[in-house]
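Student: Questions regarding the structure given below will be posed in turn.
The values are calculated or read from the model by the stated rules, or taken from the named source; none is laboratory data. Fair warning: this is a prediction, and the values are worked out from it, not measured in the lab. Virtual Cβ from ideal backbone geometry, glycine too; neighbours counted across all protein chains shown. What goes into the accessible areas is simple: the full protein's heavy atoms, side chains included, and nothing from ligands, DNA or RNA. Shrake-Rupley method; radii C 1.70, N 1.55, O 1.52, S 1.80 Å.
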Amino acid sequence: MKKRILISDIARNLGISVTTVSFILNGKAKEKRISEGLTKRVLEYVKKVGYKPNQLAQSLRTGQSKILGLIVEDISNPFFSNVAKYIERIAYDNGYHIIYCSMDNDGTKAKELIQLFYDRQVDGYIITPPEGLEDTLASLIKNNVPLVLFDRYIPTLETHYVVLDNFKGAFDATKHLLDNPVNKRVGFVSLYSNQTQMKDRLEGYMKAIDEFHQQAFIKKVKIDEEEDSAVEQLHEFISANRLDAVLFATNYLAIDGLKAVKAYNLALPNMVAFDDHTLFKLYEPSISVVTQDTAEIAKELIHTLLNEIKGKNKQLQQIVVPSELQVRGSSIINPYPAEQIS
């Protein structure tokens, strides 16, 4: 690694003062009556040696680091990684860089990451908040730190957020399953969670179940459940309740459901999953999904945050992005002969 070039190095090699170099690099040559010839000589030398300003010193001077912190549930999840990819592109086009990481729905880890970013003076945060983060986020808001919540929000906090229309997504998916006359027993697999996106998906499922006057079958899995245990639980849930169809509240729960089908040699029930995954298009039949427009979500997130940093948000931006049901083979299969359908 090359040795960092300092302003003092430039000044010594050109035989001028550090103050003069600093004025020129900060665009104050004319203000300080520094000649055009000297200014040109300094700038050409800076370009030649590849001098880069100290980011920490620059942020202390300007009050901006030009860095944004993105803290998500799991960056390896295709949904979060796709959103992060678009956020990074838009941020870069606006002169910002992104530092992102996963907090694995762990409130303690999330608090540590927020403090880490705060100590490094990031200009703003985009966060998918786990449970137990309310006080930490309230502190950021109190200190006027630009913040946008993503994927879920905290009802007791007045802050910007961008979320999916989870209620309608779950309602449409459940209705689609119930519209198939073979599906009398439609289950819902979710998490033990009070997060808003999970509550809204449950409510959407229940609304459709009530409209069709059908019985609800609900299974909740612990967020940190071991895979083998989750697979066993889903096998029991599907088989014991003789389910014709299942709506999965997340893509990773749906994958556990597919593993249960394979491990226990079950007949695949009609199914829909929230959030797409590469595996779903490769599986046969391909898996129907409730999708989120990741490009649109990223655009809303980064523009809301940048407007907050610039003081342009005149009111809270609480944006709900429409969901879309993509029907594939898994939700239109008919396991029964036509004459058996009543």
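Student: Given the DSSP H assignment, sum -39500 (n - 2.57) over each helix run of at least 4 residues in the chain and divide by its residue total; what's the result at 222 nm in deg cm²/dmol, nearest 500?
Tutor: -14000 deg cm²/dmol, from helical runs alone.
Student: Let me ask something additional. For the chain, what's the relative contact order in percent, using C-alpha pairs closer than 8 Å and at least 6 residues apart?
Tutor: Rounded, it is 16 percent for the chain.
Student: Also, quick follow-up: Counting pairs of alpha carbon atoms under 8 Å apart in space and at least six apart in sequence, what relative contact order in percent does the range 100-148 give?
Tutor: Across the range 100-148, relative contact order equals 40 percent.
Student: A follow-up question, please. Using the beta-carbon distance between residue 43 and residue 19 and R0 = 22 Å, what value does 1/(1 + (r/R0)^6) give for FRET efficiency, to the nearest 0.05?
Tutor: So the FRET efficiency works out to roughly 0.85.
Student: Using a 1.4 Å probe, how large is the accessible area of residue 23, given in Å² and rounded to the nearest 10?
Tutor: In the full protein context, residue 23 sits at about 60 Å².
Student: Considering only protein heavy atoms and a 1.4 Å probe, what is the carbon-and-sulfur percentage of the accessible area of the range 127-177?
Tutor: Roughly 48 percent, rounded to a whole number.
Student: Expressed in nm to one decimal, what extension gain is obtained for the pair residue 5 and residue 144 from 0.36 nm per residue of sequence separation less their Cα-Cα distance?
Tutor: 46.5 nm
Student: Something else about it: If we sort 143-154, 189-200, 310-321, 166-177 on the protection proxy, mean other Cβ atoms within 10 Å, highest first, what's the order?
Tutor: Ranked from most to least packed, the peptides come out as 166-177, 143-154, 189-200, 310-321.
Student: Around residue 65, which amide H atoms from residues at least 5 apart in sequence, or from another chain, sit under 5 Å from its own amide H, with H modelled in the peptide plane?
Tutor: Under 5 Å from the amide H of residue 65 lie the amide H atoms of 123, each far enough along the sequence or on another chain.
Student: If you don't mind, another one. Over the chain, with the other protein chains present, what is the accessible area per residue in square angstrom, probe 1.4 angstrom?
Tutor: Heavy-atom SASA per residue in the chain reads 53 Å².
Student: Can you give the FRET efficiency to the nearest 0.05 for residue 225 and residue 264, using r as the Cβ-Cβ distance and R₀ = 22 Å?
Tutor: So the FRET efficiency works out to roughly 0.80.
Student: Another question, if that's okay. Lys and Arg at +1, Asp and Glu at -1: add these up for the other residues within a Cβ distance under 12 Å of residue 269 and post the number.
Tutor: Summing Lys/Arg as +1 and Asp/Glu as -1 gives +2.
Student: Share of the range 206-258's accessible area from carbon and sulfur, percent, 1.4 Å?
Tutor: The value for the range 206-258 is 42 percent carbon and sulfur by accessible area.
Student: Send over the Kirkwood Rh of the chain, from the inverse of the averaged 1/r over different Cα pairs, rounded to one decimal Å.
Tutor: It works out to 23.1 Å.
Student: Something else now. To one decimal place, what Kirkwood hydrodynamic radius in Å is obtained for the range 206-342 from all pairs of distinct Cα atoms?
Tutor: Result for the range 206-342 stands at 17.4 Å.
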